[in-house]
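Engineer: Have a look at this one.
Readers should treat all values here as calculations from the given coordinates under stated rules, not as data from a laboratory. Here the structure is a predicted model, which is why all the values come from computation and not from measurement. Every residue, glycine among them, receives a Cβ derived from its backbone with ideal geometry; neighbour counts consider all protein chains shown.
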Ligand code: NAP
């Protein structure tokens, strides 16, 4: 079995950008793009942008571009320089000796001199059928206000945000710029967000907080028209008319396959990087994009991290290969 110089795990903006840089450095990267899955929520090769209708904040696309089209461009650019692609998940990693061993979902083991982890994170959803249907069809349900909030369909409309953490506060504050009113729906009677972020929401003019309310359904055929809520104390049901729903109940980094690999993760499961670099705690193993970034989570910041990871891997291989 020949040893791959660089294996990239993941195929979002971080993975493809790492592939473009590694391929242009003649490292002939192999990109393991993952297997599509639908349960409990859709996860596709290409990552979260595959579930995004319009991307308007990625520089270079003044008219915007659809998320799937954008990922196709990234992939084509990576392939143009010789990136090879395999449609498998990595299920186990052994970084204890060299070459590293990656066990794939098809049973094959791949040997690699260096590895770039770019598996991303998935937004958590409440898990309702209509929520997921409208989220994947561009029907006005989103898990990213910064990505989607400025779209025309949300302008001057009543919008709702679900959640009580910092993300929900941030999304609600951001949406006040576009919405006629922002409804913040939280399942308890107090937020877990930091005080400063809470205050911004609680004191905003066009924001109303609905305490002790759980989302039980999303209404509307092609576009969301409202949400159904249940009071978590009394059990009473009510309907709220909204033209957009932003679900901000946390993210889950895709790092389960790193169990037992020795790669250091933080308490929430994100890969820990060494300082400003893309190095993990294991020499020759790098990480890029949302899998190592709970803060920014943007396509453009993920792409930048992918570039750094490929350059770090290239330098390390030049010194150690
Ligand atoms: P989080 O802190 O885990 O908060 C998730 C929120 O969603 C909680 O309020 C939780 O309710 C609610 N929730 C969870 N599952 C739910 C469900 N099924 N139905 C309804 N509500 C549900 O996640 P986050 O807000 O994404 O923040 C993640 C981390 O990033 C935190 O450490 C945060 O401080 C950080 N962050 C920082 C900033 C910033 O400083 N600018 C911005 C964003 C995020 P309960 O409270 O009842 O559990």
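Engineer: Rounded to the nearest 0.05, what FRET efficiency is calculated for residue 236 and residue 86 with R0 set to 41 Å and r the Cβ-Cβ distance? Display every interim value, and only then the final one.
Structural biologist: Values: r = 52 Å, r/R0 = 1.27.
The formula returns an efficiency of 0.20 here.
Engineer: Run the Debye formula on the Cα coordinates of the chain, all scatterers equal and no solvent, and tell me log10 I(q)/I(0) at q = 0.09, 0.12 1/Å.
Structural biologist: Evaluating at q = 0.09, 0.12 Å⁻¹ gives log10 I(q)/I(0) of -0.49, -0.82.
Engineer: Then there is this: How far is the Cα center of the range 1-38 from the Cα center of the range 162-220, in Å?
Structural biologist: Between the Cα centre of the range 1-38 and that of the range 162-220, the gap is 39 Å.
Engineer: Using label points projected 7 Å from each Cα along Cα→Cβ, tell me how many nm separate residue 206 and residue 221, to one decimal.
Structural biologist: If labels sit at residue 206 and residue 221, their model points lie 3.0 nm apart.
Engineer: By how many degrees, between 0 and 90 and to the nearest 10, does the Cα long axis of helix 166-175 differ from the longest principal axis of the chain?
Structural biologist: Rounded to the nearest ten degrees, it is 60.
Engineer: Assuming a ≥ b ≥ c are the square roots of the Cα gyration tensor eigenvalues, decide whether the range 125-247 counts as rounded (a/c under 1.5), prolate (otherwise, with a/b larger than b/c) or oblate. Walk me through the numbers before you get to the answer.
Structural biologist: Details: a/c = 1.66, a/b = 1.11, b/c = 1.49.
Because a/c hits 1.5 or more and a/b fails to exceed b/c, the range 125-247 counts as oblate.
Engineer: I've got another one for you. Before rounding to the nearest 500, sum -39500 (n - 2.57) across all DSSP H runs of length at least 4 in the chain and divide by the residue total; then give [θ] at 222 nm in deg cm²/dmol. List each step's numbers first, then the result.
Structural biologist: Values: 7 runs with 78 residues, N = 321.
Calculated at 222 nm, the ellipticity per residue is -7500 deg cm²/dmol.
Engineer: Taking every DSSP beta bridge that has both residues in the chain, what percent is antiparallel when rounded to the nearest 5? Provide the component values of the computation, followed by the final result.
Structural biologist: Numbers: 27 of 56 bridges.
Roughly 50 percent of the beta bridges in the chain run antiparallel, per DSSP.
Engineer: While we're here: Say R0 is 56 Å: what FRET efficiency, to the nearest 0.05, do residue 108 and residue 189 get from their beta-carbon distance?
Structural biologist: Working: r = 52 Å, r/R0 = 0.93.
The pair residue 108/residue 189 has a calculated efficiency of 0.60.
Engineer: Taking the number of other C-beta atoms within 10 Å as the exposure measure, put 8, 224, 110 in order starting with the fewest. Each step should come with its number before you reach the end.
Structural biologist: Values: 8 35, 224 25, 110 22.
Result, fewest neighbours first: 110, 224, 8.
Engineer: When the Cα centres of the range 70-148 and the range 239-295 are compared, how far apart do they sit, in Å?
Structural biologist: 12
Engineer: May I ask for the angle, rounded to the nearest 10°, between helix 13-24 and the longest principal axis of the chain, with both axes built from Cα atoms and the value confined to 0 to 90°?
Structural biologist: Long axis of 13-24 versus the principal axis of the chain: about 20 degrees.
Engineer: Could you check which residue among 198, 274, 48 shows the biggest mean-square fluctuation in a GNM of the chain with a 10 Å Cα cutoff?
Structural biologist: With Cα springs under 10 Å in the chain, the top fluctuation among 198, 274, 48 is at 274.
Engineer: Label-point separation (nm) for residue 267 and residue 101, each offset 7 Å from Cα along Cα-to-Cβ?
Structural biologist: With each label placed 7 Å out from Cα toward Cβ, I get 3.5 nm.
Engineer: Let me ask something additional. Among 320, 210, 186, what is the fewest-to-most ranking by other Cβ atoms within 10 Å? Please list the in-between numbers first.
Structural biologist: On the way: 320 11, 210 16, 186 23.
Going from least to most buried by this count: 320, 210, 186.
Engineer: If you take the square roots of the eigenvalues of the alpha-carbon gyration tensor of the range 1-103 and sort them as a ≥ b ≥ c, do you get rounded (a/c under 1.5), prolate (a/b over b/c) or oblate?
Structural biologist: oblate
Engineer: Using the alpha-carbon atoms, what tilt in degrees (0 to 90, nearest 10) does helix 67-80 show relative to the longest principal axis of the chain?
Structural biologist: 10
Engineer: Arranged from highest to lowest average of other beta-carbon atoms within 10 Å per residue, in what order do the peptides 202-208, 233-239 appear?
Structural biologist: Values: 202-208: 12.9, 233-239: 10.1.
Top to bottom by mean Cβ count within 10 Å: 202-208, 233-239.
Engineer: OK, next. Modelling each spin label as a point 7 Å along the Cα-to-Cβ direction, I'd like the residue 1/residue 133 distance in nm, to one decimal.
Structural biologist: 4.5
Engineer: Which of 81, 246 has the fewest other C-beta atoms within 10 Å, and how do the rest follow up to the most? Don't skip to the answer; put the middle values down first.
Structural biologist: Working: 81 16, 246 30.
Ranking 81, 246 by Cβ neighbours within 10 Å, fewest first, gives 81, 246.
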